[in-house]
Each structure stands twice: as structure tokens, then as C-alpha cells.
Amino acid sequence: MHLMKKLSLFFVVFACLHALAAGQAAASPAGQPAAPSAAQVSAPSGQVVEEIITRVNNQIITRSEFDRSKDQLRDEVKQQNSTDPDKSFAEREKDVLRDLVDQQLLLDKGKDLGITGDTDLVKQLDQMRKEMKLDSLEDLEKEAVKQGISWEDFKQTQRNRIITQKVIGEEVSNHLSVSKEEEQKFYDDHKSEMEQPEFIRLSEILVAPKPSASDPNAPAPGAQPAVDDAALSAAEAKANTLLKQIHDGASFEDVAKKSSDGPSAADGGALGMFKRGQLAKELEDKTFAMKAGEVTDVIRTKQGYVILKVVDHQMAGIPPMKDVLPKIQDALYYQKLQPALRAYLTKLREDAYIKYAPGYVDTGASPNQTAPVETAAALAEAKKGKKKHKKLGFL
């Protein structure tokens, strides 16, 4: 279900929040040997190098991860609420450990479901490479190292994010549904919030005249080039040719990507949304009189010759339900997803063994969680680094 998949990707933030971006890659990746059961991880010399604050099945959450998550949260609230970041931080700080436990439970579930995230990770990294205009993944790695980022930690963080997204998609969001009655009620209850001014969405194809490179009177570099009549005529002829291609059935977006001289060419010519008063009078008169999907004739502008497409045209007032249905569905799924996800994570807690260090509170804890019991045999098994079934635990 397309919308469900989109929501599972988007609202994974609810489950993981700042933990994902706060260096969760430093946590034990799913599948490594069982962690030691002592409250602290010590070096051979006996010096304590890490404090364990929570054990989730055969994995651990350390004090340093917890502190990094809090630092990341503090940075987030400063960006989101510049007026009173301290208040926002205080309200959300209590859930830091909950979010770390949430993620570890989702990673464990991903392992049970056979989700590795490897293929999606390669695709994601390759997309980043393309966006940064780099030639290879090796170049992307070098760029990360140049910026002081651990490449392996970064990849593990991205892999963890992919796994949790897929688990939420398969186990939670794909099981949600919204009825027609719920959609209609939401629309009726929120009509006043949907009222909007008239606007259009435009795409463009720009053909800029090219001044002759051999012109002895060419301006100095950086200056506005002078354009002769021949260049203008050539640009106009090209624009008319492109317009004919569109009338003959060519995709406006494909023509824009291939032939437009405008900065929006890579996006298929997309210019965005415009209300009345935001365009030049001539362009406004032409485009606001058109319907969605219609294309203008060739128009002369200061930049050259332009062809505009009205991608969308919304009239002022309350839009019909069919025009806002995707937004309504998103809102309703979001309302359902949060409690459904929290209920699912509660069930995962009840099926797991979780132990917390004194003084640390998991706000997502369930009263039905099974408290682990430490035994000499379990301690010896954990020290050997042997993996055990998670229902047996390592404690």
C-alpha cells in the first residue's frame, strides 16, 4: 500500500527520534556476540571504559550513547523551538532512554524477520553520491572522512535506520486502514483549516539566446552579454520547436530536463507555487486564466523565451475533498500510527528481557515486562561471547 509505505518511512522518527542521528551506530550492531553482563565494560587493566545502563536481550545501551542522544536532542530543540528550547528539552529528555530501547527492540525484530538493510543501504549511499556529484562511493567515503565522520559508524547508523523503517512498515503501518467515513468526518471537521487563496503551480522551459563567442565587442567576464537579433531569432525558433514537440505528445518534464536553460531543468522545470501578485502582470494574466495541465505559447522575457505549464490551479476557498484526500489520509494514518506503534513497542518489551541500571527510567516500560535473573551459568556463558536465544537472555 503506497501511502502506508510512505508513512512508515516518515514516521519512524516517532519511534527512534534523536537516537538514530545521535550515534546509534556506536551501539552493538544486530548480530554481534552477546554483551558482557557486568554493569561496566572494563579494559584488561581493570580500568572502566564504558558504563552499561540498559541491557536489551543480548545487546547493551551504554552511558556514552545515552549522553550523545541527549546532546543531539538538545541541538534539535534549539532548531525547532528557538523561543524556549530549555522547556522543550525538559519535556522530551525523559524519553531519551525509551527511544534508545525502542530502536534496539526494532533492530532485534528486524533480525528475526531477516531484514538486513544492505541492498537499501547501497541504494541510499549511491543516491547521496549522485546528489553530491561524486564519481564513486569511494569518493563519498573520502568526503565523509574529510568532514570528520567515521565511515563505518555512518553506514551502521544508516543501516539501522533502514531496518527500523522496514520493521515499522511491515509490522505496524501495513496493518492500519482508514475508512471512507473517517475521511469524510475529518474533512467536515477541518474545513475551516483547509480554506486557501487561489494559487497555481508552474513549470517552465527556458531557451536563452546564446551570444556569439567570436563577437569582438563581447563584454568582459561577469558582465551581462549583449544578444544580437540572430541569437534572439535562433532562441525563438528553438522554443517554438520545443513547444511543437510538447503539442505532439512529448512530456513537458522530459523536454525541460533535456533542453531548458533554466536552473529548474533538473527538476523537470518545476518552479513551485504562486499566488496572485507574485508574478509579472503579463505572466499572471496568462497563467491564472488557464487550467491545470495547459501550456502557454512561447513568451518573450528578459532571460529569453519561456514556455510555462500550469501544473495545478486551485481556486480560492475550501478545496473539494478529492483534492485534499491524500493530506487527509496522511493525517488520519499519523493519528493511528502513533498509538499503534507505541502498542507494538510495548508488546516487544513484554517479549524481551530488559534490565535497567539504577536511576535510569524507560518511560515506555510495560508492567508486564519479564525481569531477567542473573545466574552463574548465564554470566559464564556471556563471558564466553556465545550467542543465546533471546528468550533465555544473557543475564
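There is at least one residue in segment 365-376 that is touching a Gly at 6+ places or on another chain (Cβ under 6 Å) and either surrounded by 18 or more Cβ atoms within 10 Å (Cβ to Cβ) or at pLDDT below 90 (or both). In segment 114-156, the residue that is farthest from GLN104 (Cα to Cα) out of those that are polar (S, T, N, Q) and free of Cβ contacts under 8 Å to residues at least 12 places away in the same chain is SER136.
When ASP285 is tested against (1) under 34 Å from the mean Cα position of the chain (by Cα); (2) farther than 30 Å from ASP188 by Cβ, exactly one condition is not met: (1). Applying the criterion of being of a type in the set (D, E, K, R) and surrounded by fewer than 18 Cβ atoms within 10 Å (Cβ to Cβ) to the residues of segment 96-115, the residue that is farthest from the chain's Cα centre (by Cα) is ASP112.
Scanning segment 334-359 for residues that are in a helix (DSSP H, G or I) and in contact with a Ser or Thr (Cβ under 7 Å, 6 or more places away or on another chain) gives LEU337, THR346, ARG349, GLU350. Determine if segment 297-312 includes at least one residue that is over 34 Å from the mean Cα position of the chain (by Cα), at pLDDT 95 or above and in a loop (DSSP other than H, G, I, E, B). Looking through segment 297-312, at least one residue is over 34 Å from the mean Cα position of the chain (by Cα), at pLDDT 95 or above and in a loop (DSSP other than H, G, I, E, B). Mind checking which residues of segment 124-134 are surrounded by 11 or more Cβ atoms within 10 Å (Cβ to Cβ) and either at pLDDT 95 or above or part of a helix (DSSP H, G or I) (or both)? Listed by number, the residues that qualify are GLN124, LEU125, ASP126, MET128, ARG129. At pLDDT 95 or above, assigned to a loop (DSSP other than H, G, I, E, B) and farther than 20 Å from GLY304 by Cα: is that true of ALA220 in this structure? Criteria not met by ALA220. Note on segment 269-296: residues that are of a type in the set (A, V, I, L, M), within 21 Å of LEU242 (Cα to Cα) and either part of a loop (DSSP other than H, G, I, E, B) or touching a residue at least 60 places away in the same chain (Cβ under 8 Å) (or both) amount to 4.
The values are calculated or read from the model by the stated rules, or taken from the named source; none is laboratory data. These numbers come from a predicted model, not from an experiment. Because the Cβ atoms are built from the backbone with ideal geometry, glycine has one as well, and the counts that use them run over all protein chains shown.
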